Amino acid sequence: MNAPGPPDLLRPDAPKTVPADAKDPQPPENAAPDLLPAPAVPIDTPEPEGPAPKRLVIAALARIRTAVPVLLAGFAAAVFTGTAILLILRLSPTPENLTRAMLSTATGGHPVRLAENADPPGPLTAAIPPLAPDRPTVPTPPGDLPETTPPGDPPETAPPDDIADEAPAPPPAEGPEEPLPITLTNETGYLPDTDALLARERAVPPLEDLRTAFGSDAPLVLILHTHTTEGYLSAAGTDYRTSDPAESVVAVGNVLAERLREAGIPAIHLTAVFDEPDFNLAYYNAARAIRATLAEHPSIRYIFDLHRDSIPLADGSAGAVLAEVGGEPAGRLMFVVGTDAAGADHPGWQDNLALALRLQCAAETAYPGLMRDINLRAASFNEQYAPGALLIEAASTGCTLDEARRGMECLAEVIVGEIVGRK
């Protein structure tokens, strides 16, 4: 039996007759896709002449709004990159210097140095001209004076009569045989004039003036330890840190506090721990304590933050910085002077540097070799709170506590002379 043929609807050549009153035929649900009626195609019409349509203006504004943040981000990135490049070039980009700079900026961190027997100039060292021969310094103790004839003394015998009328020979120049060198490691972009700073008027009046202003019992000196748990060679097994104040840098602070009080200079010694439990918050914690103490005792004019330096050697051991004083080893000391180079509000940093320079001259005159080079840093190290504020590195990890105390005993005498105002 023959199968019926396909309906006429499926024959493309079949004539189509549609009643006049018939509705538009609906395709069956299972009709093939190519048999569905084609959608209507709009006819393109030319855009009317005249101003741009509103939709084009809106689209242009949207593109501008999207581009502005990208342009601003690019500009900010260029400024940041340029600033970083300038900072790196200024700091001499060695791995050690970059590490110290990042620690200094981020946390006001402790300087970590290689072992040194002296203070040779390094990539961050700026040589400072030596002091003029007539620079006033603390006199050498009488017992240490050399038993030689002073260079300016006249000869014991008078010149012969036949040359008495001739012009006398110029006397030898007075002062030390060699100018006292003042050098510093400069980790900033500043180039301080040390001669001008040494010649400037003291930022802190002498002791008698302070007593007149505040009374004889008013505290004038604040001693603290931002890194309170720093220890010496006896604490090597615990990363040179100890919670025992009798074995840590706190014991070195006791030496300074006791010597000041013996000289009639009231001092406050803070022994609170600032570097535990979070070492990175040490300077923040110390700053809060400093502000609270100053609010209670506005007479304070000197702030000494005592630390112990860290000097790792290549073999993993600790380096010692030592000088010989009276035939015994003494831990060398170093002044760290902060500035506003890292953005701190510290406009008076040159007063701190002038104090460090005066103390450096006096200490090196009385105890040659006791002091390491002054370290000028970008961070402020909380030194903005007083015109006489300094951070002092007392000895190093390779030194014993007794050596650190012996070095501080020498510097304490010099600090007393500065506060009293000895000429």
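Values in this text are rule-based calculations from the coordinates and carry no lab data. Nothing here was measured: the structure is a model prediction, and the numbers come from that model. FYI the Cβ positions are ideal-geometry reconstructions off the backbone, even for glycines, and counts take in every protein chain you see.
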- Message: Restricting to the stretch 285-324, name every residue that is within 26 Å of residue 269 (Cα to Cα) and in a strand (DSSP E or B).
- Response: 302, 303, 304, 305, 306, 307, 308, 309, 310, 322
- Which residue, of 274, 304, 335, is free of Cβ contacts under 8 Å to residues at least 60 places away in the same chain and in contact with a strand residue (DSSP E or B) (Cβ under 7 Å, 6 or more places away or on another chain)? 335
- Item | Restricting the stretch 227-254 to residues that are over 16 Å from residue 331 (Cβ atoms) and of a type in the set (Ser, Thr, Tyr), the residue that is surrounded by the fewest Cβ atoms within 10 Å (Cβ to Cβ) | 238
- Query: Among the candidates 207, 184, 222, which residue alone is touching an Asp or Glu at 6+ places or on another chain (Cβ under 6 Å) and in contact (Cβ under 8 Å) with a residue 60 or more places away in the chain?
  - Reply: 184
- Query: Which one of these does residue 395 not meet: (1) over 18 Å from residue 326 (Cα atoms); (2) buried (at least 24 other Cβ atoms within 10 Å of the Cβ)?
  - Reply: (1)
- Is at least one residue of the stretch 316-326 surrounded by fewer than 21 Cβ atoms within 10 Å (Cβ to Cβ) and over 30 Å from residue 242 (Cα atoms)? no
- In the stretch 253-284, anything closer than 19 Å to residue 226 by Cβ and not in a helix (DSSP H, G or I) is listed as 267, 268, 269, 270, 271, 272, 273, 274, 275, 276, 277, 278
- Test result for residue 398, in a loop (DSSP other than H, G, I, E, B), without any contact (Cβ under 8 Å) to a residue 24 or more places away in the chain and out of contact with any Asp or Glu (no Cβ under 6 Å at 6 or more places or on another chain): no
- Checklist (1) without any contact (Cβ under 8 Å) to a residue 60 or more places away in the chain; (2) surrounded by fewer than 17 Cβ atoms within 10 Å (Cβ to Cβ) applied to residue 190, failing item: (1)
